[in-house]
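Participant: Here it is, the structure in full.
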Amino acid sequence: MLPDSYELVVNPPQKMWEEIVTQIHDELSWKMSFHDYQCYLDGYGTENFKFLVAIDKATGKPASCICGALFPKQNGSPQLYTIGMYYTHPELRASGLGLGRILFDELTKIANGTNRFLNAAPVMAKKYAERSGFDQFSPWSLVAIVAQAKDCDISKIDVFPDVSVVDLNGVELEELDEYDRSVGGGISRIEFLQRWLTQDDSFNKFAINEVGNVVGYCNARIVCGNHVVLGPFYADSADIASSLMRHTLESVPDFLSRNQLVAYISSENKAGMEMFKKMVNGEVNTDRLMPRQFDKQIIDSSGDKVYAITETDTSFI
């Protein structure tokens, strides 16, 4: 239970999401968009997506937050509960109130025994394992790729003429779902993907083979702080990935005037890291390594095909 001076609100209005996203970006430079919230609500459904906020009753200001998303079993897919956006206002972190921990425990109750997952901040990984049971570590971690957009030379990204690249309207949703599930351990999220790929300030391209099967796709979105974040970005080969990234970034308006280009790539994907380095003459920050942690069992996924996961708050892949 929260202290008496705080109120728990679940899925608050859009205005509060924007206030929290702005605060988190200004302090920690986490990459989120104002548009993400409605995508979560619509794409996962309010029965499956929960954004928990502790609000100071005296001021009406958010003090701490966390979000969770349930991926239910569908056609034999594994069930998973993802946790992210775990944040407490800096003035309250050493207060002894334990607001963040209370919200975390509340979300654990909502998960109700489902296999849980999170993308861990490096300094928190050990604590999650020892205190909260997230001791099942994925074979691959996330590498945070960060480059200045103005330093990116898109012309250095090769385009391969034998790779067929189309827009979303050139793809069958069933094919997209099948491909996404093949990369993501069987988890189905097509309703969310439809909403995510069509949100405002989102730009994407898809690669298909000669019979119309999806063999890769790349999404870019403009987020708070005027950054461009890639994800999801998956491809069956480096050639496909290169063509997709070139076409996608070329579709982002005023790309070079944006601040940072960010992608959370699989640590297994060495070819992908080299592709990013080539685009910016090697000036890419790859120091931040984020473990991927489960509490019950690891769900296998194709790390070699992951050039960028969707995002780090609700997404397992």
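The values are calculated or read from the model by the stated rules, or taken from the named source; none is laboratory data. The shown structure was predicted, so the numbers you read here are calculated from the model rather than taken from an experiment. For neighbour counting, all protein chains shown are included, and Cβ atoms are generated from backbone atoms with ideal geometry for every residue, glycine included.
Participant: In the list Arg116, Arg93, Arg131, which residue meets the criterion of being within 18 Å of Pro3 (Cβ to Cβ) and among the basic types (Lys, Arg)?
Facilitator: Arg93
Participant: When you check Lys150 against the structure, is it surrounded by fewer than 19 Cβ atoms within 10 Å (Cβ to Cβ), within 30 Å of Gln23 (Cβ to Cβ) and charged (D, E, K, R), yes or no?
Facilitator: The answer is yes for Lys150.
Participant: While we're on this one: How do the strands (runs of 3 or more DSSP E) wholly within region 227-317 filter down when requiring 3 or more residues that are surrounded by 23 or more Cβ atoms within 10 Å (Cβ to Cβ) and touching a Leu at 6+ places or on another chain (Cβ under 6 Å): which remain?
Facilitator: none
Participant: How many residues does region 106-144 contain that are buried (at least 18 other Cβ atoms within 10 Å of the Cβ), assigned to a helix (DSSP H, G or I) and not aliphatic (A, V, I, L, M)?
Facilitator: 4
Participant: Something else: Would you point out which residue out of Glu18, Glu91, Glu7 is more than 19 Å from the chain's Cα centre (by Cα), over 25 Å from Lys296 (Cβ atoms) and assigned to a helix (DSSP H, G or I)?
Facilitator: The unique qualifying residue is Glu91.
Participant: All but one of (1) in contact with a Gly (Cβ under 9 Å, 6 or more places away or on another chain); (2) among the hydroxyl-bearing types (Ser, Thr, Tyr); (3) at pLDDT below 95 hold for Ser95; state the number of the condition that does not hold.
Facilitator: Just one mismatch for Ser95, condition (1).
Participant: Report yes if His35 is out of contact with any Phe, Trp or Tyr (no Cβ under 8 Å at 6 or more places or on another chain) and either closer than 22 Å to Asp105 by Cβ or loosely packed, with under 15 Cβ neighbours inside 10 Å (or both), otherwise no.
Facilitator: No: the conditions fail for His35.
Participant: So which of Leu70, Leu52, Leu99, Leu103 is surrounded by 19 or more Cβ atoms within 10 Å (Cβ to Cβ) and within 18 Å of Gln297 (Cα to Cα)?
Facilitator: None of the other options fit; the residue is Leu70.
Participant: If a residue must be among the polar types (S, T, N, Q), farther than 16 Å from Ser301 by Cβ and touching a residue at least 40 places away in the same chain (Cβ under 8 Å), how many such residues does region 136-192 contain?
Facilitator: The qualifying residues number 2.
Participant: Please verify whether region 182-199 includes one or more residues that are in a strand (DSSP E or B) and under 27 Å from Thr22 (Cβ atoms).
Facilitator: no
Participant: I'd like the residue in region 85-96 that is surrounded by 19 or more Cβ atoms within 10 Å (Cβ to Cβ) and of a type outside the set (S, T, N, Q) and, out of all such residues, is farthest from Ala263 (Cα to Cα).
Facilitator: His89
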